[in-house]
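Before any comments, here is the structure.
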Amino acid sequence: MAGVMGLGERLDAVRRTASASGVAVVVDLHGKLVDLSFTREALDLPPGRLAAIVRELAEEAAAAALAEGLAVVGEVVPAEALG
């Protein structure tokens, strides 16, 4: 069926974004960073603070991506099988 994604494709498509202080990160289902952008605000931060923000945002986005992935799996696998 055209336009219908299988489970694997849906999981591969999971992306989550988090942003703060001029930094935006995008991660995939596995928490792998797939995009990173900075505004002038972010580039004016001290390097250590900028690195900390990137780490914090990546962790936040990774948790959201995992939750989305679990929701996708939950649509096709009975809840009692996941528990």
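The values are calculated or read from the model by the stated rules, or taken from the named source; none is laboratory data. Here the structure is a predicted model, which is why all the values come from computation and not from measurement. All Cβ positions, glycine included, derive from the backbone under ideal geometry; neighbour counts span all protein chains shown.
Structure notes:
- Only one of A67, A63, A52, A24 that is in contact with a strand residue (DSSP E or B) (Cβ under 7 Å, 6 or more places away or on another chain), of a type outside the set (D, E, K, R) and not in a loop (DSSP other than H, G, I, E, B): A24
- Subset of segment 31-49 (residues that are more than 11 Å from the chain's Cα centre (by Cα), part of a loop (DSSP other than H, G, I, E, B) and of a type in the set (D, E, K, R)): D44
- Residues in segment 37-54 that are of a type outside the set (A, V, I, L, M) and either under 8 Å from V23 (Cα atoms) or touching a Pro at 6+ places or on another chain (Cβ under 9 Å) (or both): S37, F38, T39.
- A residue that is on the phi > 0 side of the Ramachandran plot and either over 9 Å from the mean Cα position of the chain (by Cα) or modelled with pLDDT under 95 (or both) occurs somewhere in segment 2-15.
- Any pair with Cβ under 6 angstrom, 6 or more apart, that starts in segment 7-24 at a residue that is in contact (Cβ under 8 Å) with a residue 12 or more places away in the chain and ends at one that is of a type in the set (D, E) and outside any strand (DSSP E or B): V14/E68; A18/E60; G22/E41
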